[in-house]
1. Any chance you could count how many residues in the stretch A:131-153 are surrounded by 18 or more Cβ atoms within 10 Å (Cβ to Cβ), modelled with pLDDT of 95 or more and either among the acidic types (Asp, Glu) or more than 30 Å from residue A:486 (Cβ to Cβ) (or both)?
2. With respect to the numbered conditions (1) open to solvent by 60 Å² or more (accessible area, probe 1.4 Å); (2) under 25 Å from residue A:71 (Cβ atoms); (3) part of a loop (DSSP other than H, G, I, E, B), which one is the sole condition not fulfilled by residue A:472?
3. Which numbered condition trips up residue A:11, out of (1) more than 16 Å from RNA strand B (Cβ to nearest atom); (2) more than 22 Å from residue A:392 (Cβ to Cβ); (3) basic (Lys, Arg)?
4. Just checking, does the stretch A:538-561 include any residue being within 8 Å of RNA strand B (Cβ to nearest atom) and more than 30 Å from residue A:377 (Cβ to Cβ)?
5. Residue A:424 passes all but one of (1) outside any helix (DSSP H, G or I); (2) open to solvent by less than 20 Å² (accessible area, probe 1.4 Å); (3) more than 10 Å from RNA strand B (Cβ to nearest atom); which number fails?
6. Which one of these is modelled with pLDDT under 90, under 41 Å from the mean Cα position of the chain (by Cα) and either in a helix (DSSP H, G or I) or assigned by TED's automatic domain parsing to the domain that holds residue A:411 (or both): A:544, A:511?
7. Of these, A:162, A:177, A:168, A:181, which one is in contact with a helix residue (DSSP H, G or I) (Cβ under 6 Å, 6 or more places away or on another chain) and polar (S, T, N, Q)?
8. Residue A:175 is checked against (1) at pLDDT 90 or above; (2) closer than 30 Å to residue A:11 by Cβ and fails just one. What number does that condition carry?
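The values are calculated or read from the model by the stated rules, or taken from the named source; none is laboratory data. Only a predicted model underlies this, so the values are computations on that prediction, with no experimental measurement involved. Cβ placement follows ideal geometry from the backbone for every residue including glycine, while neighbour counts extend to all protein chains displayed. All accessible areas refer to the heavy atoms of the entire protein, side chains included, with ligands and DNA or RNA removed. Shrake-Rupley method; radii C 1.70, N 1.55, O 1.52, S 1.80 Å.
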Amino acid sequence: MPLRLYNTLTKSLQPLVPIDPANLTFYTCGPTVYDDAHIGNFRSFLAADLLRRWLESPLCELTTREGTAHRAPAGRRVTHVMNITDVGHMTDDAAGGEHGEDRMAVAGQRLLEAKKSGRLPANVEIDPRNPHQIAAFYADRFVEDARRLGLKVALEAQHDPTLMPRATANIGDAAGTRGMTGMIRRLIERGHAYAVGPGDPGGGGGGQTVYFAVTTFDAYGALSGNTLDRLREGAGGRISEQNQSGKRHPADFLLWKSDPSHLMKWPSPWGEGYPGWHIECSVMSAARLRPDLLGPGGEGGGVGELPDGQPIIDVHSGGEDNIFPHHECEIAQSCAAFNSPRGSGPYAAMWFHPRFLLVEGDKMSKSKGNFFTARDLFEKGVEPAALRLELIRTHYRSNANFTMQGLTDSQRLVDRWRRFAEAAPGGGAATNDSARSEAAQEAARAFADAMHDDLNIAGAIAAVNTFVGFTASPTAEDIQLLRTIDAVLGVLDLERPAQAQTDIGVFLGGLAPDPAVVARLEDRAAARRGKDFKRSDAIRDELLAMGYAIKDAAGGKVEVSRA
RNA sequence: GGCCGCGUGCCAGAGUGGACAAAUGGAGCGGAUUGCAAAUCCGCUGGGGUAACCCUUCGUCGGUUCGAAUCCGACCGCGGCCUCCA
């Protein structure tokens with residue numbers, strides 16, 4: 001059965017029916033770059049990456065618009081775009097994004113303190129007062145982490161930077177002819193948005209604020225369930241008075257705020273200021289995935305409008321917290337801009353929302369001390385493959401629980417699969433050929449069935465383990481199958497921590513060969529040669545107390561890892 | 001209060017009407033290997049029986065059905081959103 005996914009929009013399991021099954025369009029709401037991304041962020045991005053890799057797998061089958069099955073030919077491509085939000089939005093968002101402190105300024109303050117206390121690497125040259133430098137600093141670190149975790153979009157972006165667009169590069173211009181200003185102008189022209197403030201509402205004067213008029217979009221609330229009548233009830237007392245005065249409806253949301261005093265600001269037809277939080281994704285998804293709508297200049301010249309009901313892109317993903325308001329507002333903007341006048345089109349055919357990650361059973365938070373960034377863990381010697389597997393091996397729609405035990409389990413799985421993948425092919429035929437090829441076929445089938453069923457990753461991993469367990473001495477075909485499967489899971493080829501070797505020890509997990517440890521290893525080797533096992537065991541305990549676990553390996557060497 | 005996701009064995013986590021005492025990992029136990037470990041490999045791992053088989057279990061309580069972990073209802077618990085957040 002072809003792939004079915006849970007669609008947040010319809011709240012049901014549905015086949016993914018792409019506009020063009022040979023070339024899918026996929027947009028993921030990426031990170032904000034005010035700080036390093038944590039493992040919860042990466043769990044969500046990795047879930048999107050897993051889906052993307054599955055869509056590209058030769059094992060994956062999709063449904064065409066004609067209702068037939070579409071098996072991936074040699075090149076089913078997925079154009080996957082993930083934005084980077086580097087505009088400094090406000091901290092006080094209860095006020096609708098118009099007040100509070102600029103997040104980029106807060107990040108700058110933090111960087112400044114880190115610099116003073118020497119916590120920043122010496123080679124980092126960054127002016128903490130320059131928001132563009134702060135954003136670039138964290139964006140680079142994000143991309144670096146993402147590549148280490150095998151996020152395909154980040155790997156591809158090395159050759160095609162347009163796959164990871166920066167919000168600040170898509171703001172537009174003073175005339176409102178392209179980018180976000182272009183789309184805002186278009187929304188005003190089509191009657192879906194309005195400008196208020198000094199300089200005559202609706203006129204062309206500076207210093208204005210632009211809002212999206214939610215009542216002009218019938219389908220508002222379809223994604224989140226927060227329809228306008230429900231919102232009005234729920235909103236009682238929550239929305240600040242000062243901010244509402246200019247709005248026609250309390251749920252109208254910000255498209256442009258004129259504020260020349262803002263840290264990051266750009267020219268626009270409504271005055272110098274900054275864009276609202278939702279408009280960037282509407283603009284960048286269309287710009288990269290549907291240039292036919294916008295035309296070569298970014299705005300104008302394109303077809304501009306789709307028949308009602310036709311999706312703009314195939315798949316859109318983001319963390320569950322994005323469902324409302326962010327994605328609800330994106331739908332309103334994009335459909336209003338490109339679909340028929342009372343726009344109700346679905347924007348994306350499939351809405352994919354991974355759930356939040358817990359850590360040791362608890363909500364992750366800095367105050368609880370269970371807050372991890374990917375780089376924290378890499379520094380502790382966790383290898384990217386283990387972290388990736390740990391973050392993808394729980395179904396994307398459950399609250400996964402990240403634990404140190406789980407990380408160890410994942411590491412073992414990775415090691416086991418690697419032994420299989422790196423075994424000399426065909427070394428001794430323990431199993432007869434027909435049983436072996438049956439096992440491989442069964443594994444491929446079970447893996448695909450599981451993945452087709454809303455990305456049932458646990459079932460898929462079980463199929464891999466059964467296969468690897470059954471086949472003691474893999475053939476070249478067996479290894480090829482594991483490779484095909486791993487192109488989806490994406491763990492085997494990730495970078496491994498360097499091993500440091502001395503004459504006696506092999507230091508794993510990026511450990512440096514500490515002379516104190518080497519000396520003890522030599523003492524222990526001498527004791528063992530003299531059959532003084534009491535002493536050799538005592539040395540092992542000593543090392544353990546120092547935080548090192550050792551393991552005698554073939555050839556008289558000792559493998560050293562963190563205890 | 002509204003909308004949504006989830007609740008399975010010691011743990012993580014599959015299973016969504018019969019082949020289920022329930023995949024796959026882990027932990028535990030036994031064995032091979034090792035001076036001993038670690039790692040690796042093999043077997044066992046709800047209760048009872050030599051066995052065919054029987055009994056109890058899938059948040060709780062009810063219901064539908066010849067039959068339910070799986071469908072329906074109510075309740076309880078966990079998580080998310082209701083204008084920051086992956």
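1. Residues that pass the stated criteria total 1.
2. The one condition residue A:472 does not meet is (2).
3. Answer for residue A:11: the failing condition is (1).
4. Within the stretch A:538-561, none of the residues are within 8 Å of RNA strand B (Cβ to nearest atom) and more than 30 Å from residue A:377 (Cβ to Cβ).
5. Against the list (1) outside any helix (DSSP H, G or I); (2) open to solvent by less than 20 Å² (accessible area, probe 1.4 Å); (3) more than 10 Å from RNA strand B (Cβ to nearest atom), residue A:424 comes up short only on (2).
6. A:544
7. Result of the check over A:162, A:177, A:168, A:181: A:162.
8. (2)
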